[in-house]
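All remarks here apply to the structure that follows.
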Amino acid sequence: MSQQTPNVKVRENGPYVVSGSVPLRGKEPIVSEHGEPMTWRTGKVTDHGAAYTLCRCGRSSNKPYCDGTHTQIGFDGTETAATNTYVDRQDNYPGTGIEVLDDRSLCLHAGFCGNRVTNVWKMADKTDDTVVRAQVMAMIERCPSGALTYEVEGEVVEPDFPVEVSVVPDGPLWVTGGIPVERSDGEPVEVRNRVALCRCGHSANKPFCDGSHKEAGFVG
């Protein structure tokens, strides 16, 4: 029997069902002494089953897995994210040898796009300096939601992310490697190299994370 293609299905007012033997692991940001996210620390694979079900309401007692709590609390998981494409929503910031692309609707405020001195948007028009250009590229490539991407010579350049689902502590599910995500109505979400899915149940842009877990004090 052939292995099922990796896939994430959003259940109506319920969990995410991940199928296709997708590795599940932890991944957490490494921050500076000033609290600035700099890069990611990758944890060990904790699940590699043919399928598993992950909590979307934020209330499971067995996080990151679903334990059925969504049915007890009347979780409203209605998806509200735009159904058009990244290209439809992106803003462009031209530079030298690079063009920064930005879709604010996908931002989860992870913080990799800036530091206490500057940020990607301020640096875009200073990319005639190759050191600055390299820093912009590195910052964008660490953006978990893919809200920020970049083009070189008119082509989008994406990191070579593995096909996996990563659990960010007290934050979203980071889905990488172009895994298709299917809405609860059966319609596909635009397939992208990286997306961040809400895990706290509070996002106003479901199924995507919008950073609401911080204000909600989500722990998991």
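What follows draws every value from the coordinates through simple rules; no lab data is involved. Everything numeric in this text was worked out from a predicted model, so none of it was measured. Every residue, glycine as well, gets a Cβ built from its backbone with ideal geometry; the counts of neighbours run over all protein chains shown.
Under the simplified labelling scheme, the residue 78-residue 38 pair shows an inter-label distance of 4.4 nm, with each label point 7 Å from Cα along Cα→Cβ.
To the nearest 20 debye, what is the magnitude of the charge dipole of the chain about its Cα centre, counting +1 on the Cβ of each Lys and Arg and -1 on the Cβ of each Asp and Glu? Working shown, then result.
Numbers: 22 positive and 30 negative charges, 176 e Å.
Taking the Cα centre of the chain as origin, the dipole is about 840 debye.
Sparsely packed loop sites in the range 107-206 (the GluC sites (Glu not before Pro) outside DSSP H, G, I, E and B with at most 10 other Cβ atoms within 10 Å) comprise 153. By the count of neighbouring beta-carbon atoms within 10 Å, fewest first, 17, 10, 195, 131 end up ordered 131, 17, 10, 195. Relative to the longest principal axis of the C-alpha atoms of the chain, give the angle of the C-alpha long axis of helix 130-141, reported between 0 and 90° and rounded to the nearest 10°. Helix 130-141 sits roughly 10 degrees off the main axis of the chain. For the range 86-157, the Kirkwood estimate of hydrodynamic radius, built from reciprocal distances between every pair of different alpha carbons, is 12.0 Å.
I want the local charge near residue 9. Using Cβ-Cβ distances under 15 Å, sum +1 for each Lys or Arg and -1 for each Asp or Glu among the other residues. Write out the running numbers ahead of the final one.
Numbers: positive: 11, 56, 183, 206; negative: 12, 79, 182, 185, 187.
Its environment carries a net charge of -1.
Placing pseudo-labels 7 Å out from each Cα toward the beta carbon at residue 87 and residue 5 gives an inter-label distance of 2.0 nm.
When both the range 1-54 and the range 168-210 are represented by their alpha-carbon centers, they are found 11 Å apart.
Taking +1 at the Cβ of each Lys and Arg and -1 at the Cβ of each Asp and Glu, which of 159, 196, 149 sits farthest along the dipole of the chain towards its positive end, judged by Cα position relative to the Cα centre? With unit charges placed on the Cβ atoms, the residue in question is 196.
Under a model in which nothing but the beta-carbon of Lys, Arg (+1) and Asp, Glu (-1) is charged, the range 16-121 shows a dipole of about 420 debye around its Cα centre.
For the chain, lysine pairs with C-alpha atoms less than 22 angstrom apart, excluding pairs fewer than eight positions apart on the same chain, total 11. By other beta-carbon atoms within 10 Å, ranking 91, 102 with the fewest at the front produces 91, 102. Net charge dipole, the range 86-157: roughly 440 debye, given to the nearest 20, about the Cα centre with Cβ charges of +1 for Lys and Arg and -1 for Asp and Glu. Cβ crowding within 10 Å, taken as a proxy for footprinting-reagent exposure, orders 143, 55, 198 from fewest neighbours to most as 143, 55, 198.
Projecting the Cα positions of 94, 132, 6 onto the charge dipole of the chain (unit charges on Cβ atoms of Lys, Arg, Asp and Glu, taken about the Cα centre) puts 6 furthest along the positive direction. In this structure, residue 62 and residue 214 have a Cβ-Cβ separation that, at R0 = 30 Å, corresponds to a calculated FRET efficiency of about 0.85.
Taking a label point 7 Å from the Cα of residue 21 along the Cα→Cβ vector, which residues of the range 163-192 have an amide N closer than 16 Å to it? Inside the label zone: 163-165.
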